[in-house]
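This report refers to the structure that appears directly beneath it.
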């Protein structure tokens, strides 16, 4: 069984892989952020990766839950559902609480592609 650190690290590399496949140059870093992405404008974005292995089994809403820190310096978050390999990217400005809850049905290839496009278009 993998540790939480190993699971998180796997998610970070999955995010890098996915961004690279979509034409966004990125780097995995072991620092105060997880990934640095270079977007079309040339700007460097700090991406914090949060992962969940399965929807929360204690709830009946089939939702993934992600905990974010108030002290990180991320520009964007990558929220990864590891059991599906899908992710949703959200700008920090959309994060209003420390607990992000997203229904399983919201993790789709189309939504992933849409949020990657928005990240890549960041100015």
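Among the numbered conditions (1) at pLDDT 95 or above; (2) under 22 Å from residue 27 (Cα atoms); (3) loosely packed, with under 13 Cβ neighbours inside 10 Å, the only one that residue 109 does not meet is (2).
Within segment 2-18, being modelled with pLDDT of 95 or more and either within 21 Å of residue 95 (Cα to Cα) or assigned to a loop (DSSP other than H, G, I, E, B) (or both) holds for 11, 12, 15.
The values are calculated or read from the model by the stated rules, or taken from the named source; none is laboratory data. Since the model is a prediction, treat every value here as computed from it, not as a measurement. Cβ atoms come from the backbone with ideal geometry, glycine included; neighbour counts cover every protein chain shown.
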